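Input: a single structure, listed below in structure tokens.
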Amino acid sequence: MPRVFNFSAGPATLPVEVLEKAQKDLVDYQGVGVSVMEMSHRSPEYMSIFNGAIEKLKSLMSVPDNYKILFLHGGASSQFGMVPLNLFSEKRKADYINTGAWSKKAIAEAKRYGTVNVVASSADKTFNYIPAISSDMFDPEADYVHFTTNNTIYGTTFPEIPDVGSVPLVADMSSNILAQEYDISKFGMIYAGAQKNIGPAGVAIVIIREDLVGNALDICPIMFNYKTHVDNGSMFNTPPTYAVYMAGLVFEWVLERGGVAVMQKINEQKAGWLYDFLDNSSLFSGTAEKGSRSTMNVPFVSTSEELDAKFIKEASVAGLKTLKGHRSVGGMRASIYNAMPVEGVKALVDFMKDFELKNK
Ligand SMILES: *Cc1c(COP(=O)(O)O)cnc(C)c1O
């Protein structure tokens, strides 16, 4: 049974080389005689896998030495609560930029613990653009500023990192971590669920500046306190061992291909083919505004809902799977993360060209 091209937004396609490596080592990890799934998280073999994954991520993202890298449970969604619980001072106020469903969830969670000031929003146009941001929008007294770098559902990405002065900047990078280069020193903290661009579901990545650790609110549960995990090297309890192992294999795969800068180039090329086609098509059009477009998630529509449904069905038969848009916006969405091969995007564009000719 051949592999299809899987355009799922997440859990998303993984590099076939990574899956094959994991398969080879599944039952007996490199002569140890057990699977990685069966190892004690404190065994030397597993510690080497775990620390190796941290080192590779540190190198891939050029994480400065004054930042800690954590592998945690609970997905990106737990971070919506952990961020305010850990970063609120006694002032308990933060600025948020609202660019879609994930931002809204982060805002709702922070509101449970303090005052949220939404400084900018693109809700007026179903989040199909990134609002203009200027440094004077932000409260210099805020405990932090939160934004979502890439909006998975609407296919928008911040063209640049907001300038927030000396206030710590917190980014939900779930759907474009390792897809483009970021200067980590501009952020107080970054977090991401792994299942879009890193690995299987089950692990969330947190990269946090040291001075932001250790000031959690008293009500913060021990498992939600970054200090707990920093002090215990993400091993306060059993970490998601297999998911971290898989993430480590993906980090290695990205390193072997030349790192994040190379991925970024390939991603721009892949997305470029798709957007070029959409911009010149008489049947299909992209829904995100130019200037805000994502290289990771490309939402588009045809001329009717009936034709959208027909397209999704026929594409699936042709081995182009999971192209249905998010249930909240409809239409189509092609998620083309790092692991989506160039051939997958070419096959999609060819299929769309053909579909357009047949359905004019
Ligand atoms: C998928 C996603 C989330 C939610 O991730 P979970 O790991 O399922 O909690 C949050 N933010 C963004 C930007 C996402 O794409």
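Computed values, structure above
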{"item": "Some residue of region 158-165 being modelled with pLDDT under 95, surrounded by fewer than 24 Cβ atoms within 10 Å (Cβ to Cβ) and not basic (K, R)", "result": "yes"}
{"item": "When residues of region 151-160 are limited to those that are near the ligand (Cβ under 10 Å from one of its atoms) and assigned to a loop (DSSP other than H, G, I, E, B), the one farthest from Y67 (Cα to Cα)", "result": "I153"}
{"item": "Selected residue (only one of D183, D172, D163 is under 23 Å from K265 (Cα atoms), in contact with a Ser or Thr (Cβ under 9 Å, 6 or more places away or on another chain), away from the ligand (no atom under 16 Å from the Cβ) and not aliphatic (A, V, I, L, M))", "result": "D183"}
{"item": "Within region 162-186, considering residues that are closer than 18 Å to D139 by Cβ and assigned to a loop (DSSP other than H, G, I, E, B), the one nearest to the chain's Cα centre (by Cα)", "result": "P162"}
{"item": "Test: residue in region 198-218 that is within 21 Å of I177 (Cα to Cα), under 15 Å from the mean Cα position of the chain (by Cα) and without any contact (Cβ under 8 Å) to a residue 60 or more places away in the chain", "result": "yes"}
{"item": "Sole residue being closer than 19 Å to E210 by Cα and more than 16 Å from the ligand (Cβ to nearest atom), chosen from S59, S43", "result": "S59"}
{"item": "Output for region 218-249, where each listed residue is closer than 30 Å to Q30 by Cβ, β-branched (V, I, T) and in a helix (DSSP H, G or I)", "result": "V230, T241, V244"}
{"item": "Number of the exception - M223 against (1) buried (at least 16 other Cβ atoms within 10 Å of the Cβ); (2) in contact with a His (Cβ under 9 Å, 6 or more places away or on another chain); (3) aliphatic (A, V, I, L, M)", "result": "(1)"}
{"item": "Condition check for A261: within 16 Å of the ligand (Cβ to nearest atom) and over 28 Å from Y113 (Cα atoms)", "result": "no"}
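The values are calculated or read from the model by the stated rules, or taken from the named source; none is laboratory data. In this text, all values refer to a predicted model and were calculated from it rather than measured experimentally. Note: ideal-geometry Cβ built from the backbone for every residue, glycine included; neighbour counts use all protein chains shown.
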